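Structure record follows, encoded as structure tokens.
Any read-out appearing in this document is the output of simple, stated calculations on the displayed coordinates, not a laboratory observation. Please read these numbers as outputs of a predicted model, since none were measured by experiment. Quick reminder, even Gly has a Cβ in these numbers, built from the backbone with ideal geometry, and neighbours come from all protein chains shown.
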Amino acid sequence: MEAADVGGVHIKYLYHCRRQLWLYVRGIRPEHLSTAVQLGEAVHDTSYTRHSPVDLGAARLDFVDGGHWVHEVKSSSRASPADQAQGRHYCHRLRGLGIEAQGAVLHYPKTRRTQRFPYTPEAKAQAEADIVEVLAVAAAPTSPERLTRSACRGCSFTDYCWTE
Ligand code: SF4
């Protein structure tokens, strides 16, 4: 795995659970069993349908507006560090393509909230550090430790991690 292969899902898992990231890069993907993911897809199906996703190779974001803000529609109720990290990552990818991304706008239709995160020099440095961190987790010879049982609630890998 190389830096160019790091996409939004890798970044999300880095923030959610490093073990999840480690499993994911090894091709283990039980997401189709997860109601949380199905809900996410349903939200995507019914919201902001006038926009087409933007494919950046390893990364895929919801849309970019005329002011070069990245928009992401989320199925959760409010912004998490993982959501912010994904937004930063997409800005980083766009900048790499010569598009002056200004930052991320995260939409939460469930709570009708919108949050803006400008792509500052600090955000850029963090986006670069996150990619390095993803590669380090991916290259680890053994899987990182599980989170606590309560932190695993709702994770699509629960059966995998907690079936002894
Ligand atoms: S079940 Fe827990 S330890 Fe396993 S990947 Fe999910 S969050 Fe991580």
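Were the residues from residue 153 through residue 77 laid out at 0.36 nm apart, the gain over their Cα-Cα distance would be 25.7 nm.
Ranked by the mean number of other Cβ atoms within 10 Å per residue, highest first, peptides 2-9, 150-157 order as 2-9, 150-157. Rounded to the nearest Hz, the phi-derived 3J(HN,Hα) couplings of segment 151-163 under the Karplus curve 6.51 cos²θ - 1.76 cosθ + 1.60 (θ = phi - 60°) are 6, 7, 4, x, 6, 6, 9, 4, 4, 5, 7, 10, 8, where x marks glycine and proline.
Ranked by the mean number of other Cβ atoms within 10 Å per residue, highest first, peptides 123-132, 83-92, 14-23 order as 83-92, 14-23, 123-132. Amide hydrogen proximity for residue 69: with H placed 1.01 Å from N in the peptide plane, the residues at 5 or more positions away or on another chain lying under 5 Å are 102.
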